[in-house]
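Enquirer: Handing you this structure, nothing more for now.
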Amino acid sequence: MQVLLVKLSSMGDIIHVLPALTDAKKAIPSIQFDWVIEPAFAEIPCWHTAVNHVIPMALRHWRKHLVEAIQKKYFSAFYKHLVEKKYDLIIDAQGLIKSAIVSKLARGTCCGYNTQSAKEKVASYFYSKQYAINKNQHAIMRARELFSKALQYDLPDTVPDYQINLQKLPSLSFPIPKQYVVFLHGTTRPMKYYSEKYWKTLIEKIEEKRTTIFLPWGNESEKMRAERLSLNHSNAIVLPKLNIAELGTLLKNAMAVVAVDTGLGHLSAALSTPTISLYGPTDPKRIGTIGYKQIHLQAEQTSAEIDIHPDKIMGLLDILIT
């Protein structure tokens, strides 16, 4: 059975779909998925055995460079790639107008969330088959339920299984100690930031234990923050810029991770790395990390930054790294 999955972004949303692929593969062993996705995240689907082919769609880039996209015929090239194959089923697991349009353009019967379940109600009108999925459950369960209804198998009552093939993760170009922690300090929204003062306090406390802290970054702003956090702390190391696969290797081998609300936190969970995730305005019951030894801490009130005292985090971190 050949199925096209449309899930363009973001990293956390993409990782949330992996357990649904595992369910489908177990229920229908012959099933194979192609996946339409933003190029920045195109490596992630390849880690799952149910994914046969990835179709990149650089919609974000096209929007920012519309003239270039038109001149170089990026969309027509993508469309040609999209319609090369006729699918037994097309699943839009995103529920947005943009993903619904892509689903409709592909060849095959397309399905997705109904008007009450989709993130953007209009999206549901593009589907040949619509399904009612409870919006109040976790995003992982929403995807699992959608796949079970669309592909007509019983929804498994099991712990989500991301089924990441660890052999697809690369070796790192720099040495790493046997024991280290990772601080995922970068996120997209200021209200999800954790105070640099608090990060520094955590670094000082971990320094007493002679444990290495790695500080990855994804842009210049995050790099500058990492450099400020590492200042005068020999145990805090600012990493070179890593791609998603290299970050996967780093996270997989860590003793523990402390993360703000970011897609990399979900990757850490998918790799079964103990993770303390810090939440402010978002609800961890609906989009929090799920996996082995996942701890959610939510600020009691929303402020400019997440206000969770470092002692509370350190107490839990002591348990994870002991």
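Enquirer: Taking segment 160-197 as the region of interest, how many residues are over 16 Å from the mean Cα position of the chain (by Cα), assigned to a loop (DSSP other than H, G, I, E, B) and more than 21 Å from residue 42 (Cα to Cα)?
Expert: 9
Enquirer: For the structure I just gave you, tell me whether residue 285 is surrounded by fewer than 23 Cβ atoms within 10 Å (Cβ to Cβ), free of Cβ contacts under 8 Å to residues at least 40 places away in the same chain and assigned by TED's automatic domain parsing to the domain that holds residue 177. It would help to see each step written out before you state the result.
Expert: Details: surrounded by fewer than 23 Cβ atoms within 10 Å (Cβ to Cβ): yes; free of Cβ contacts under 8 Å to residues at least 40 places away in the same chain: no; assigned by TED's automatic domain parsing to the domain that holds residue 177: yes.
No, not satisfied.
Enquirer: Also, I was wondering about something else. Find the residue count for segment 173-227, including only residues that are closer than 17 Å to residue 268 by Cβ and charged (D, E, K, R).
Expert: 2
Enquirer: Can you list the helices (runs of 4 or more DSSP H) found entirely within segment 235-322 that contain at least 1 residues being out of contact with any Leu (no Cβ under 8 Å at 6 or more places or on another chain)?
Expert: Numbers: elements: 244-252, 263-270, 284-287, 310-321.
By residue number, 263-270, 284-287, 310-321.
Enquirer: Scan the helices (runs of 4 or more DSSP H) fully inside segment 58-109 and keep the ones with 1 or more residues being at pLDDT 95 or above.
Expert: Values: elements: 59-64, 66-71, 74-82, 97-105.
In segment 58-109, the matching helices (runs of 4 or more DSSP H) lie at 74-82, 97-105.
Enquirer: Further question on the same structure: Hey, does segment 219-235 have a residue that's under 18 Å from residue 317 (Cα atoms), in contact (Cβ under 8 Å) with a residue 40 or more places away in the chain, buried (at least 18 other Cβ atoms within 10 Å of the Cβ) and more than 19 Å from the chain's Cα centre (by Cα)?
Expert: No - not one qualifying residue is present in segment 219-235.
Enquirer: Just to be sure before I move on: is residue 29 surrounded by 15 or more Cβ atoms within 10 Å (Cβ to Cβ), in the same structural domain as residue 132 (by TED's automatic domain parsing), of a type outside the set (D, E, K, R) and out of contact with any strand residue (DSSP E or B) (no Cβ under 8 Å at 6 or more places or on another chain) in the structure I sent?
Expert: Details: surrounded by 15 or more Cβ atoms within 10 Å (Cβ to Cβ): no; in the same structural domain as residue 132 (by TED's automatic domain parsing): yes; of a type outside the set (D, E, K, R): yes; out of contact with any strand residue (DSSP E or B) (no Cβ under 8 Å at 6 or more places or on another chain): yes.
Answer is no for this residue.
Enquirer: Only one of 213, 133 is outside any helix (DSSP H, G or I), over 19 Å from residue 253 (Cα atoms), without any contact (Cβ under 8 Å) to a residue 40 or more places away in the chain and in contact with a strand residue (DSSP E or B) (Cβ under 9 Å, 6 or more places away or on another chain). Can you tell me which?
Expert: Residue meeting the stated conditions: 133.
Enquirer: Okay, next question. Take the residues in segment 141-186 that are of a type in the set (Phe, Trp, Tyr) and in contact with a Pro (Cβ under 8 Å, 6 or more places away or on another chain); name whichever of them is nearest to residue 243 (Cα to Cα).
Expert: 174
Enquirer: A further question follows. It is to be established whether one or more residues within segment 238-254 are assigned by TED's automatic domain parsing to the domain that holds residue 173, surrounded by fewer than 16 Cβ atoms within 10 Å (Cβ to Cβ) and without any contact (Cβ under 8 Å) to a residue 60 or more places away in the chain. Quick ask: steps written out before the conclusion?
Expert: The first filter runs over segment 238-254 and keeps only residues assigned by TED's automatic domain parsing to the domain that holds residue 173, leaving 238-254.
Adding the requirement that they be surrounded by fewer than 16 Cβ atoms within 10 Å (Cβ to Cβ) leaves 240-241, 243, 245.
From the residues that got through so far, the ones that are without any contact (Cβ under 8 Å) to a residue 60 or more places away in the chain too are 241.
Yes - at least one qualifying residue is present in segment 238-254.
Enquirer: Looking only at segment 75-105, count how many residues are surrounded by fewer than 23 Cβ atoms within 10 Å (Cβ to Cβ) and touching a helix residue (DSSP H, G or I) at 6+ places or on another chain (Cβ under 8 Å).
Expert: Of the residues in that region, 11 qualify.
Enquirer: Take residue 117 and decide whether it is surrounded by 15 or more Cβ atoms within 10 Å (Cβ to Cβ), part of a helix (DSSP H, G or I), in the same structural domain as residue 13 (by TED's automatic domain parsing) and in contact (Cβ under 8 Å) with a residue 12 or more places away in the chain.
Expert: On the way: surrounded by 15 or more Cβ atoms within 10 Å (Cβ to Cβ): yes; part of a helix (DSSP H, G or I): no; in the same structural domain as residue 13 (by TED's automatic domain parsing): yes; in contact (Cβ under 8 Å) with a residue 12 or more places away in the chain: yes.
Criteria not met by residue 117.
The values are calculated or read from the model by the stated rules, or taken from the named source; none is laboratory data. As the structure is a computational prediction, the values presented were derived from the model and not from experiment. Don't worry about glycine lacking a Cβ; one is built from the backbone with ideal geometry, like all the others, and counts go over all protein chains shown.
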